[in-house]
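One structure below.
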Amino acid sequence: MKKTLYSAVLVSILLSACGSPITPTQTDADKIRQYMRISENPGQTTVDPLHGKETGFWYGAILGSNGVNANGVGFIHKFEDGTLTATVNLNILKAPEKSYFVAWLTDEGQTKFIRVGVLESIVGDARHSVSFSTKDDVTGLTSVLVTLEAATEPKTPGNTKEATGTLREVQKTVQK
């Protein structure tokens, strides 16, 4: 709780320094924390208050495809209660009107996939993020695909690939 509050205050100060009039609500603070957080303690095991200790971590870069200028990161946290949390953070210009950037986790051949969700910019600029949690084992889906879609909940990835990346398992060492 203290870290979340501290992060929200810190981000508010940083945003104020940049001239942004945003004062994050708790929901916005959570989104900002998810956007900025890769691990609570680099090199150490993350502990989530709802799901327990982290038992697996996958991380990787995401780059624009087909001439699209984009970059970002994706990661999956697996926790001891079986929950997996996937997050995609992507710097990309806003989608055209009535279009949406949708993030997917896929296998290498892109034959299996799961929709992570629509990438949203909480501050209205190029920084976009989406996160979701599941009890399904998606650790075999380590490729990230971002597509441009006409709907917010397409059943399958469209053909307009905006960005791609690959997540690799990271072995963290516990510091004593």
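Bear in mind that the values in this text are calculations on the coordinates, not laboratory data. Given the structure is predicted, the values throughout are model-derived calculations rather than measurements. For neighbour counting, all protein chains shown are included, and Cβ atoms are generated from backbone atoms with ideal geometry for every residue, glycine included.
First check a/c for the range 60-119, with a ≥ b ≥ c the square roots of the eigenvalues of its C-alpha gyration tensor; if it is under 1.5, answer rounded, and if not, answer prolate when a/b is larger than b/c or oblate otherwise. Provide the component values of the computation, followed by the final result.
Working: a/c = 1.83, a/b = 1.76, b/c = 1.04.
Taking the square roots of the gyration eigenvalues as a ≥ b ≥ c, the range 60-119 is prolate.
Using θ = phi - 60° and the Karplus curve 6.51 cos²θ - 1.76 cosθ + 1.60, what whole-Hz ³J(HN,Hα) does each residue of the range 123-138 get, with Gly and Pro shown as x?
My calculation for the range 123-138 gives 10, x, 10, 6, 7, 10, 8, 8, 8, 8, 10, 8, 9, 6, 7, 10 Hz in order.
Past 20 Å, Cα to Cα: identify those pairs from Lys53/Lys112; Lys53/Lys78; Lys112/Lys135; Lys53/Lys172; Lys112/Lys155, in the order given.
On the way: Lys53/Lys112 28 Å; Lys53/Lys78 9 Å; Lys112/Lys135 17 Å; Lys53/Lys172 12 Å; Lys112/Lys155 12 Å.
Lys53/Lys112, as the Cα separations exceed 20 Å there.
Collect residues whose amide H, placed 1.01 Å from N in the peptide plane, falls under 5 Å from the amide H of Ala70; neighbours closer than 5 in sequence don't count.
Gly64
Compute the FRET efficiency between Gln171 and Glu97 as 1/(1 + (r/R0)^6), taking r as their Cβ-Cβ distance and R0 = 30 Å, and round to the nearest 0.05.
0.10
Quick check on packing: order 95-108, 68-81, 48-61 by the mean number of other C-beta atoms within 10 Å, highest mean leading.
Final packing ranking: 68-81, 95-108, 48-61.
Net charge around Thr83, counting only other residues with Cβ within less than 14 Å of its Cβ (Lys, Arg = +1; Asp, Glu = -1)?
Combined, the nearby Lys, Arg, Asp and Glu give -3.
What is the spin-label model distance, in nm, from Leu50 to Thr160 if the labels are put 7 Å beyond Cα along the C-beta direction?
Between Leu50 and Thr160, the simple spin-label model gives 3.2 nm.
Send over the Kirkwood Rh of the range 50-169, from the inverse of the averaged 1/r over different Cα pairs, rounded to one decimal Å. Before the final figure, lay out each step's value.
On the way: mean 1/r = 0.0701 Å⁻¹.
Kirkwood hydrodynamic radius for the range 50-169: 14.3 Å.
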